[in-house]
Structure formats: C-alpha cells, structure tokens
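Okay, so here's the structure we're looking at.
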Amino acid sequence: MPGLGTSFGRGGATTAQWDLQNAQCIVIEGSSMAENHPVAYRFVMKAKERGATIIHVDPRFSRTSSLADLHVPIRPGSDIAWLGGLINYVLQNDLYFREYVIPYTNAASIVSEDFEDTEDLDGLFSGYDPEERRHQVDTWQYEGQPVPAPGYNPVQLSTQEHIPQTESLTEKPIPRDETLQHPRCVLQILKRHFARYTPEMVAKTCGIPEELFHQVARVLVENSGRERTTAWCYAVGWTQHTKGVQIIRAAAILQLLLGNIGRPGGGILALRGHATIQGSTDIPTLYDMLPTYLGQPSAQKKHEHLEEYIQTEQSPTGWWVNYPKYIVSLLKAWYGDAAREENEYCFDHLPRITGDHSQLPMTMAIHDGEIQGLFLMGQNPAVGGQHAGFIRKALASLDWMVVRDGFEHETAAFWYASPEVRRGEMDPKQIKTEVFLLPAALAGEKDGSFTNTHRLVQWHDKAVEAPGDARGEPWFMYHLGMRLRKLYAQDPEPESIRVRQLLDLTWSYPLEGERQEPVVESVLQEINGYHVTDRKPVQSFEDLQDDGSTACGGWLYCGVMPEPGVNLARNRLPDPVEGPGTHRNWGYAWPSNRRILYNRASADPDGKPWSEQKRLVWWDPEQGVWTGNDNPDFPREKAPDYRPDWSRNPRGMDAHPGTAPFIMIADGLGWLYAPSGLQDGPLPAHYEAVESPVRNPLYGQQISPTCQVYHRPENPIHAVDDPAYPYVVTSYRLTEHHTGGTMSRWIPWLAEMQPEAFVEISEELAAEKGIENGDWVTVYTARAETEMRALVTPRIQPLHLDGRTVHVVAMPWHYGYIGLAQGDVANDLCSLVTSPNISIHEAKAFTCNLRPGRRANAENTPVGHAGNGERNQRS
Amino acid sequence: MSETEGAGEVRHGPFPSGQTPSREWPFYYDYATECPPPPGIEAEKTSGYPVRPGEDYGFFTDTTLCIGCKACEVACKEWNQLPADHIEWRATSYDQTRSLGHSTWRHVKFIEQRQAEGERPRWLFQSDICKHCAHAGCLEACPTGAIVRTEYGSVLIQQDVCNGCLYCIPSCPFGVITLDRESDAKAHKCTFCYDRLQDGMEPACAKSCPTDSIQFGPITQLRARAQARVEALHDQGFPEAQLYGDPGGQGATNGVEALNSFFLLMDHPNVYGLPEAPKLPARQVAPGLLTSLAAGVLLIGATAAALLGSRR
C-alpha cells in the first residue's frame, strides 16, 4: 500500500478492472490473475480480443500464462532487477513521455546535496543506521525543503525534526530544473541509480534471456504515449517479499515515466487477495491505522495531544491540509456528544501504539506469553500464517481463544488435530487454551458491503437467514459491545479512561428482527458522515469541518449515502455497450465515485485530452470546469493555468499549480523519487530474499538493510547459497480454493476440483532426484518438513543465470489437516521475517530442499532442527 | 421488511436520485416488495437471448477464452446437485474428474504439452459437455423412449422412463453417458439445464463462465458468431483456429450432421481427445444389414447348390 501511496498519494489501485479493456498492453506480474481473479480477467480477455498484447511475468507457467501472448519466466524475488532493467532501458534511450513527465512528476525537482545513492554506498542509501536497521531520511529531501509523505507517515528516526520544517512548503516552490540537466534533479539521479540494471544484469539476476527482455521493453514503449496505454496488474506475488513495497515502487516509476497513470487503459491495478481486502484496509483491520488512512496515534511520535498529532500528520500543502477535519469528524462519529473541543474530542480515548503490533510480532507475543486472549474472526492462521507450526505452538500459550468461522478449521482444532499433537510435541491434556468456537454467518446470510480491488463499494443483501446459532459479525460485535458496556458501567472508577473509552462510544444502532441484528446500513450511514446538529448526511468530504459540527466514520467514503435511505453502493446500472464505460452508476467508488484516480493526467497540461482515443477528463474553458466521462480527481474549477502566488503563502490545494494531478502529495507531483514515507529507500534497489541461492549480483548489500529477521531458536534461517537448501520455493493459490481453505476445502464440489496438496517441479529436477509424476516427495526447510505429491510438469522451467541452473519449487498453500481436501501445511516451511514499511512476510521466495518419498518418521519429526531432512534421508 | 427506528428509511434506496429502475441488464428487483422477473427475461439479460420453446439452442464453447477456472463444472454440479464422488488427486495436470459421466456433466480438460527446446510449454483448456447432436445416437438407440429431443432442441434423458438398459452408452460417439451404478442404475448426462430453460434462465455453466468462453444462444446465431470469431483469429495470425461440430464439418460427420454444443479449438480434435470423424451407430446398421443379407443370399445359394448337387 505505501508503494502506491508514496508514488501517487493513495494506497489504492489507480484504475478500475473494467478499464483494462481499453489497454493496448497489459502486464501481469506477481499475480496469477486468471486463476485468482477470474472475473476481473474477463476484461483482460476483452482487451486481448481487441488486439492488446498480454504479458505474464511469473516463475510458473500458470493458467494466466497460457492465455498471455508472452510468458516471461523470472526467478522468484528478483522483480526489482527486472523492473529496474526496464526503467534503465526507458531512461538510457530517452523513451520516456517527456511532455507528461516534466509537469506531472518530480523528475525536475532537485534533491539535497547530502543525498548519497546505492551507487556511492554499495547498496545502501545515506542516513543508514546499522544498529537500528533504519534510515534517517533527512538527506533524502529536496534541496532546502523537506516534505511529508502523503497520509501514511511511518515512524522514522528524524520524523520529529523534519516535519515542522515542512511548513516552509507554503513559502516557495521546490527547486526545479525543467531542462532535466541538473546533476541532482530526480531524473539524473534515476539515470545514475538504474544504470547498472542492464539487460545482461537482468539475465544474470532474473534468468530472463536478453532477447526476451528487449522484446518486452519494445512492446511496453510501443504501447505507451499519447495514443496508447499499458496497464500493470499485481497481487501478493509482489507484496509478500521483504522488499515488496519497493517492487511496487519500481512499477510506479516505470508507469510514470511512460505516462500511463491517470489515463484510460493505463494505471496499476493492485489485485487484492479477498473480496473486500481493500475495504478492510480502508476501514482497517490494521493496527497502525484509523479509518481511511489516518494514522493510529503512536507513543513513538509526538502524539500526546490532538494538536501535536495534527501537526505531525498534516501536510501544509496538498489535500492532506484537510487532515484536522477528518480526524475531528472521526472522533465525533465515535464518541458523539462526549467529544468536545475542551477535551480534544476524546483524542485520549484512542490507544497509542508502542511498536510493531502486526501479525508476526503479535504471534511471537502470544508465544512468549505476553498476550493471553485472542479473537480470531475469518482467519485460519494454522494454515495461512507464516511458519504455521510456530503459530500452532504459540496458540497453546493462550488462556482463551474465540474462533468465529463457517467451519471448525485447523486453527480452532489445533489442540487436538495438529501435526504437533500427532507427533507428540503437544499434549491436549497439557494445553490450557480454552477454545470457544462460534458459528459465523456467511456472506449470503447477512447484509453488508464489499469494497473490491478497485475501491468499488458494492452492497449485498441477506438472501437467507443463517442457520441455528450462526450470526454475522455486526451482530456479534454489537452485542459484545453492549455486554462490555454493561460490565464497565459497574466499574468503581467511572471516569477512568478504560471506562470512558467504552461508555462514550456511540453504540446506538437500530436493531431489527427477532435476532436483534443491527441494521448494517446505519453503520454505512455513520461512515458516510452527517451534520451533528440535524443528522443530515454529508454529501462529500468537502462538507466536513474541524470544529465538531460534522461526524464521519471514514472520510473517503463520504457520499456513499448522500441522502437518508439512498445507498449508492446498491447501484447496479451499467453503461450501455456504446459507452462511455466508466460505469459511474454501478456501485460507488471512493473517493467521490472517481473511477480512475489522478485522471487530471488524462489531459495535457493545457487541459486537452492527449488524444481522441485516450480522452477521459478535460478542461471546459467555457464553463470553467473539469468535465468528462469520469468524475474529475481534481478541484472542479481549478484552471490548468493556475499558478500559486508564493507571496501569499498558499496552503493546501492553493499551493499546487493547475497542472499537478497528484493532489494527495505535498507537491502535487508523481514521486519518481520518494523523499519521505519509506523506511528502505527513496528508490527501489535490488536486494535478495532473506533466503536466496545466490549472492546479490548488483550490490555488496545482500538483503534489504531494513527488513526484520527474527532470530529465535524456532526460526533458523538458511545461509545464502546453502547447499543443504539449494532450491527456490514459491507458494501460490489455486482457482479452486480460497486462502486458508475455510471457504472451500469443506465444500465437496470445490474439494473435488483440487482434493490434495501437491508440489509442482520441473521435469529436469524430477529426473535429477528420481521423482515420477504423482510420487510422494518431502519438501523441507530448517523449520519444517512437509510431504506432498509431485506434479512433474514442463510448466516449471529451470532458470539459467550466469552459467548456473536454479530450480524453482512451487506449491499451493491452501491445505491443512482437516476438511475434505487435505494435505501438509505448505506455510510450515516459511520463516519469520518481515518487510520494513508494512511488516509483511516473505512467502514468495525462500529456499528449500526436497527428496523423493514420504516424510521419514512421519509423525515424529521434530520441527526447528536444521539439516533434519538430510539425516532422515541417510538413515 | 420492517421499518427501522432512528436511522431513517435506510432499507430501500437502490437508485440515484432522478433515475428510475432500468429495464436494461442487470435488472434490479427487490424480492421483498416486487414480483420476481417474468420467465424468459433473465436469459435475455445474462446471455443476450430470451428462451422461447420451439427454437433450437446450443452452446458455443470458445476454448481460446477459457481460463480453466472450472466455474462451469462446479456450477453444473451445484445446480444439478450432482455428487462430488472423485475426491482423489490424480496427477493429471489440474484435471481431477477425468471425464464426463453420470456425475460430471461439464468437464474441463487440461492438455499440457512440452514444446521444442527454448519454446514455452502449451496448456490448453477445453470445457467439454454433451454435444446435443442434431442426430443423436443415444436417442436413436434408446428402446424405452426415455431419451427425447426437447422443445429447445436439446437431448434429454427422462429419468423416470430410463430403465438402465445401457443401449445409449455405446451409441454415443463421444462417450458422454455413463450409468450411475452406485445409486439409481440409470443413465445420466447433461440436461442442458432443462429446468432452468423452462424458467427462462440460461444453463448454469454458461451463466457462471467469467470470460464468456461458454456462450448460450439460438444455434443459428451462435454459428454465425463462431464463424466470425474463427475468421478474426485467422486474421490475428492463428490459422490453427477451427470449429468442431459445425454442420458437416469435423465432429459432425457420418450422420451426426451437426453438434448443437460445438467448439472452437486451437488444434486438431485428437489433441483434445475428440473424435475427428464420429459415426452414428445407426450408420453401421445399413452396411451391416446389407452385408448380412448378402451373406445370407450367398449361403442360401450355396446351400441350394449343394443340395441340388447332392441330388444329382
């Protein structure tokens, strides 16, 4: 999410799925889109029918590859080297879209002379603190002008120092050289930074032949520009790396250079892993964020008072100048009448985060006894979590665990059915964890909304009542809240924070039916926001105020219910076949029903479409407004020739010229170079995965200098080029199953379609190891051993890099030890490592070994003993 | 639907202000307060064609658009409540159900081929189904009249008439039908979702196909569409694109005449396990009969000659 956020301003996909059919070229990388987003793939097929070139870059030749015009096999974890190669090709040959790049990106902006690049420091950027494994970002700033990151400000060593200086953004423009000749302008820095990403280096690092590299590079360039556009699609094949955010950054840089952002058939489509993953980021299940991208107050930042919080999080220029309106309206929505100016709108009620509380650190905290209770709703970490065996052991440290799901899954049954129990490592009699298994209603059994991969909110109604005691989450959370409030009302200290946090909450949702279910649309109405005095809905986030007169549960969703009883997420009116095809009456896309973000860039600096074929939004000089086939993502009446008057210290949008399409960013420009917002560097640099069969061919720095490797006895890590673990393993999903399998492995028809765990290996590796198609094989790491059946296939090809062959082992990770479709848990093999920025794990590239046959001593294999597999093989 | 307190009328607000419900796809009905859609409407909205008894319908399965997702196979099993009786991994690419049969009426084939050194592999998908032949061998062979041609041009086994005699099974040149020996011992195959058609809905497989690889419609219009698609593919540089089941063409030979469920393939039918020149068993009857008759005449002649000779 910060990959897109720091490049363009928002963490969401920049385009809509159905807009893919307007592309002349579509690149899918880090995703098997046809398999995991089959419905969205419809639009890729439409584009193909219209003659577009489809390129799939993936270690496996998957169902997606078979439908693509070009398949580019790539070594897992080497995407930055490949994308860097493409960027270098565009820069060295001056193939970037100059008329777009100069006004719309920070290519011309001049960077501080203190900045030192990976070129100077052998793979590190200036400001690196090896002890803290963090960067001080001061040297990365523009010359004489620090800038805040758009919205999402991670904790950085120097945040406190440089943020107040950003007030000077209102005093003068950022120094620029529009001839792009200045040695410290962003474009020149980029040129130097990516110069070593040559086609030879790509071949050596990724295993992609030079000829194929040039073929793709030519197709990309030919299908970008005024008349044509290229779209990129990615999924967790890019995210789940210790440098995933920087892979996405690399794609963002390439798309900006080619002028493909904000235009029809262009953009970057982040394919989310579940039906409403975007929704659960917007109204977040994340520990460090409040609804719609406001930061959770942190004990590590200057966040003691609301005013300080606003000072550190607000940007004086750009759209985020409105930050105070959004946070105050959120506090009003949550705490109602109790939130008053004199008590800082109950800002103190918000818990402060004290560090990384994401999933892996939380699991370790459970393991180490720091957390005693767990609510687990709609998740099956005993299968889906990383180093899943460690997770199952951690669960045994809990006092209690509440599981709400459609079936009793592996996590709920860990205490009697897990491999650890079968192996005798855990004894059900000794496990103190009390498990409360509560049946959950499924999607058709409750009202609600999905916010899909392109920010589109779509409402769904309950079709049938849930059977028996099964209930939806709104029912559960509402009534749990009511019971807690009752308990806390008896607290002897009624004015303490712990009591006020609960009792001050606005918790009065209307109930309906015998089951007393909260009316979910009333929650959406609260998220939409309203005027406090008359409870009338706000029409847009432009109505929100910072004086407590408005309440809003998520400012980006303003406008989804603009009138009482009008829910635009229910809209189901498509455009006719003739067009325009933005389908503005189908569902509701945040923000303000804009379908393609940054669409100001679909017009040239003067406000005219770049070409007739690629028109979307344009300036109507007669009416003095932006208009077109999409809702403009730009102030409606701001003329293209508007220029800030620096003598008047312009703030907010007044500080952006009429040509700056990226309104959420402090300087309004697409960030080719990110001076703030990322912990691992202002530019992407290729680092190897934590476990890799090769030394980093590009730099002395082997792995991401800021990623987190958890050194624990249960988490042995393979050395680089460890002969005991020579193969690269990557995991993936099948069309037939959904994530941890709770929604599919218990369904007979789906279980039948892919009934058992398997591992895909190449014919070459199979021959080397004496494995026949369908044989049992044991795949092992220092963490675990798993047995699966081998699918020996020409679709997995050995990669040849620099005279060396690297074998890829690929396995679906859905399977577990109960349900109708079973198998060993692939995620048992993974390690506990996380990326900087977002603390995501590295499941898409690590190392393993394998041998023919079933697990030796199948039920007695200790976990966490390096070299186990080799020993078993010999014995 | 009950009025909800305090939240205003939040239950019904399906249309943006100023707009009225459109008759265009997809229709929006609030089942709580309005009538369900009239028969015939849904198929028109989802496939582009209304369902009218008396017209011949079919499937055009365009394998170039198939992504091998198996949504058709699952939708078929779900709608028709067919058992999942193959929960066993088979090491045959991603195909776990192997063939059409009494419990699998749609079946997605996965054809995996290694190509020449340095060339990418090939992975073809084909969603196979009963061909609903214009001249159906199974129908001709059925002695009980259980197999009929319906008012939609499809071939249907009436389960209450079928006596499990097995005659239809060898009579199908495509191996579509099998007997359900585990339960009712009767013959089963695709019904062309006869029950859905009667309610104006297109068959479940076609409706669930996310990429429109399976297209439902009146057979004459589908044939025209398929012809245009083949020509477009030829123009795009894919001369191997070919139809299977077009009247008199491959797949529709030797008395089969035409397949109402026909395919666009990207290679020779044999590659997909489809017979290039299927033959109706009835076609074997006439030559067989003639040969027998001729043999009989010869025999009679020879016997007569022998007898006559012996009398001499």
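The values are calculated or read from the model by the stated rules, or taken from the named source; none is laboratory data. On a predicted model such as this, the values are computed, not experimentally measured, just so you know. Neighbour counts are summed over all protein chains in view; Cβ atoms, including those assigned to glycine, are modelled from backbone coordinates with ideal geometry.
Residues being farther than 20 Å from A:Ile838 by Cβ and not hydrophobic (A, V, I, L, M, F, W, C): count how many of those fall in region A:240-259.
Residues flagged as farther than 20 Å from A:Ile838 by Cβ and not hydrophobic (A, V, I, L, M, F, W, C) within region A:240-259 amount to 2.
Quickly run through region A:321-365 and pick out the residues that are within 30 Å of A:Phe662 (Cβ to Cβ), in a loop (DSSP other than H, G, I, E, B) and of a type in the set (A, V, I, L, M).
Within region A:321-365, just A:Leu350 meets the criteria.
Return the residue satisfying two criteria in turn: it lies in region A:503-514 and is more than 14 Å from every other protein chain (Cβ to nearest Cβ) and over 31 Å from the mean Cα position of the chain (by Cα), and of such residues it is nearest to A:Ala489 (Cα to Cα).
It comes out as A:Leu503.
Are any residues in region B:80-100 within 17 Å of the chain's Cα centre (by Cα), within 29 Å of A:Gly774 (Cα to Cα) and either more than 8 Å from chain A (Cβ to nearest Cβ) or surrounded by fewer than 19 Cβ atoms within 10 Å (Cβ to Cβ) (or both), and if so, which ones?
B:Leu82, B:Arg98, B:Ser99, B:Leu100, listed by residue number.
Of the residues A:Leu544, A:Leu556, which single one is under 23 Å from A:Asn322 (Cα atoms), in contact (Cβ under 8 Å) with a residue 24 or more places away in the chain, more than 10 Å from chain B (Cβ to nearest Cβ) and in contact with a Lys or Arg (Cβ under 6 Å, 6 or more places away or on another chain)?
When all the criteria are applied, what remains is A:Leu544.
Based on what the data block shows, is A:Ala790 in contact with a strand residue (DSSP E or B) (Cβ under 7 Å, 6 or more places away or on another chain), within 12 Å of chain B (Cβ to nearest Cβ), in contact (Cβ under 8 Å) with a residue 12 or more places away in the chain and crowded, with 23+ Cβ neighbours inside 10 Å?
On the way: in contact with a strand residue (DSSP E or B) (Cβ under 7 Å, 6 or more places away or on another chain): yes; within 12 Å of chain B (Cβ to nearest Cβ): yes; in contact (Cβ under 8 Å) with a residue 12 or more places away in the chain: yes; crowded, with 23+ Cβ neighbours inside 10 Å: yes.
The answer is yes for A:Ala790.
If A:Ile818 satisfies every condition in (1) within 11 Å of another protein chain (Cβ to nearest Cβ); (2) within 23 Å of A:Ala417 (Cα to Cα); (3) out of contact with any strand residue (DSSP E or B) (no Cβ under 7 Å at 6 or more places or on another chain) but one, which is the exception?
(1)
Please enumerate the residues belonging to region A:510-530 that are surrounded by fewer than 22 Cβ atoms within 10 Å (Cβ to Cβ) and in a loop (DSSP other than H, G, I, E, B).
Listed by number, the residues that qualify are A:Pro510, A:Gly513, A:Glu514, A:Arg515, A:Gln516.
Considering B:Lys77, B:Lys70, B:Lys109, which residue is closer than 30 Å to A:Ser762 by Cβ, at the interface with another protein chain (Cβ under 10 Å from one of its Cβ atoms), surrounded by 20 or more Cβ atoms within 10 Å (Cβ to Cβ) and not polar (S, T, N, Q)? Walk me through how you get there before you give the answer.
Numbers: B:Lys77 fails: closer than 30 Å to A:Ser762 by Cβ; B:Lys109 fails: at the interface with another protein chain (Cβ under 10 Å from one of its Cβ atoms).
Checking each option against the conditions leaves just B:Lys70.
Which residue out of A:Ala231, A:Ala252 is buried (at least 24 other Cβ atoms within 10 Å of the Cβ), over 18 Å from A:His71 (Cα atoms) and touching a residue at least 12 places away in the same chain (Cβ under 8 Å)?
Checking each option against the conditions leaves just A:Ala252.
Which of the residues belonging to region A:523-563 are under 29 Å from the mean Cα position of the chain (by Cα) and among the small types (Gly, Ala, Ser)?
Hits for region A:523-563 are A:Gly529, A:Ser540, A:Ala551, A:Gly553, A:Gly554, A:Gly559.
Would you tally the residues in region A:56-104 being at the interface with chain B (Cβ under 10 Å from one of its Cβ atoms) and at positive phi?
0
If the requirement is being assigned to a loop (DSSP other than H, G, I, E, B) and surrounded by 13 or more Cβ atoms within 10 Å (Cβ to Cβ), which of these qualifies: B:Gly255, B:Gly248?
From the options B:Gly255, B:Gly248, the qualifying one is B:Gly255.
Could you please let me know if A:Pro682 is in contact (Cβ under 8 Å) with a residue 24 or more places away in the chain, touching a helix residue (DSSP H, G or I) at 6+ places or on another chain (Cβ under 6 Å), surrounded by fewer than 24 Cβ atoms within 10 Å (Cβ to Cβ) and part of a loop (DSSP other than H, G, I, E, B)?
It is false that A:Pro682 is in contact (Cβ under 8 Å) with a residue 24 or more places away in the chain, touching a helix residue (DSSP H, G or I) at 6+ places or on another chain (Cβ under 6 Å), surrounded by fewer than 24 Cβ atoms within 10 Å (Cβ to Cβ) and part of a loop (DSSP other than H, G, I, E, B).
Between a first residue in region A:306-319 that is part of a helix (DSSP H, G or I) and a second residue that is surrounded by fewer than 21 Cβ atoms within 10 Å (Cβ to Cβ) and modelled with pLDDT under 95, which pairs have beta carbons less than 6 Å apart while being 6 or more apart in sequence or on different chains?
A:Glu308/A:Lys302; A:Thr312/A:Lys302
I want to confirm something. Restricting to region A:1-55 and keeping residues that are surrounded by fewer than 24 Cβ atoms within 10 Å (Cβ to Cβ) and among the basic types (Lys, Arg), which single residue is nearest to the other protein chains (Cβ to nearest Cβ)?
The selected residue is A:Arg42.
Mind listing whichever residues of region A:287-305 are at pLDDT below 90 and either surrounded by fewer than 19 Cβ atoms within 10 Å (Cβ to Cβ) or not in a loop (DSSP other than H, G, I, E, B) (or both)?
A:Gln300, A:Lys302 - these are the residues of region A:287-305 that are at pLDDT below 90 and either surrounded by fewer than 19 Cβ atoms within 10 Å (Cβ to Cβ) or not in a loop (DSSP other than H, G, I, E, B) (or both).
Take the residues in region A:564-589 that are in a strand (DSSP E or B) and at the interface with another protein chain (Cβ under 9 Å from one of its Cβ atoms); name whichever of them is nearest to the chain's Cα centre (by Cα).
A:Arg572
Quick one: B:Cys76 ticks every box in (1) modelled with pLDDT under 95; (2) outside any loop (DSSP other than H, G, I, E, B) except a single one, so which number is it?
Failed condition: (1).
Answer yes or no as to whether A:Val421 is outside any loop (DSSP other than H, G, I, E, B) and either under 19 Å from A:Gln278 (Cβ atoms) or not charged (D, E, K, R) (or both).
On the way: outside any loop (DSSP other than H, G, I, E, B): yes; either under 19 Å from A:Gln278 (Cβ atoms) or not charged (D, E, K, R) (or both): yes.
Spelling it out, A:Val421 is indeed outside any loop (DSSP other than H, G, I, E, B) and either under 19 Å from A:Gln278 (Cβ atoms) or not charged (D, E, K, R) (or both).
With the requirement that a residue be assigned to a helix (DSSP H, G or I) and within 23 Å of A:Gly681 (Cβ to Cβ), what does region A:193-214 give you? It would help to see each step written out before you state the result.
Filtering region A:193-214 down to residues assigned to a helix (DSSP H, G or I) leaves A:193-194, A:199-206, A:210-214.
Across region A:193-214, the qualifying residues are A:His193, A:Phe194, A:Met201, A:Val202, A:Lys204, A:Thr205, A:Cys206.
Could you please tell me which pairs satisfy a Cβ distance under 7 Å, a separation of 6+ or placement on different chains, a first residue in region A:134-151 that is assigned to a loop (DSSP other than H, G, I, E, B) and crowded, with 20+ Cβ neighbours inside 10 Å, and a second residue that is among the aliphatic types (A, V, I, L, M) and modelled with pLDDT under 90?
Matching pairs, first to second residue: A:Pro148/A:Ile163.
Does A:Gly472 satisfy being more than 20 Å from A:Ser329 (Cα to Cα), in contact with a Phe, Trp or Tyr (Cβ under 7 Å, 6 or more places away or on another chain) and more than 14 Å from chain B (Cβ to nearest Cβ)?
no
Which residue out of A:Arg795, A:Arg783 is out of contact with any Gly (no Cβ under 8 Å at 6 or more places or on another chain) and of a type in the set (Lys, Arg)? It would help to see each step written out before you state the result.
On the way: A:Arg783 fails: out of contact with any Gly (no Cβ under 8 Å at 6 or more places or on another chain).
After ruling out the rest, the residue left standing is A:Arg795.
Where in region A:706-823 are the strands (runs of 3 or more DSSP E), entirely inside, with at least 1 residues that are closer than 30 Å to A:Gly378 by Cα?
In region A:706-823, the matching strands (runs of 3 or more DSSP E) lie at A:727-732, A:758-761, A:776-780, A:785-792, A:808-812.
Quick one: in region B:38-49, which of the residues that are in a loop (DSSP other than H, G, I, E, B) and surrounded by 16 or more Cβ atoms within 10 Å (Cβ to Cβ) is modelled with the highest pLDDT?
So the residue we want is B:Tyr49.
Of all residues being more than 18 Å from the chain's Cα centre (by Cα) and surrounded by 19 or more Cβ atoms within 10 Å (Cβ to Cβ) in region B:123-165, which is nearest to B:Gly248 (Cα to Cα)? Just the residue, please.
B:Ala141
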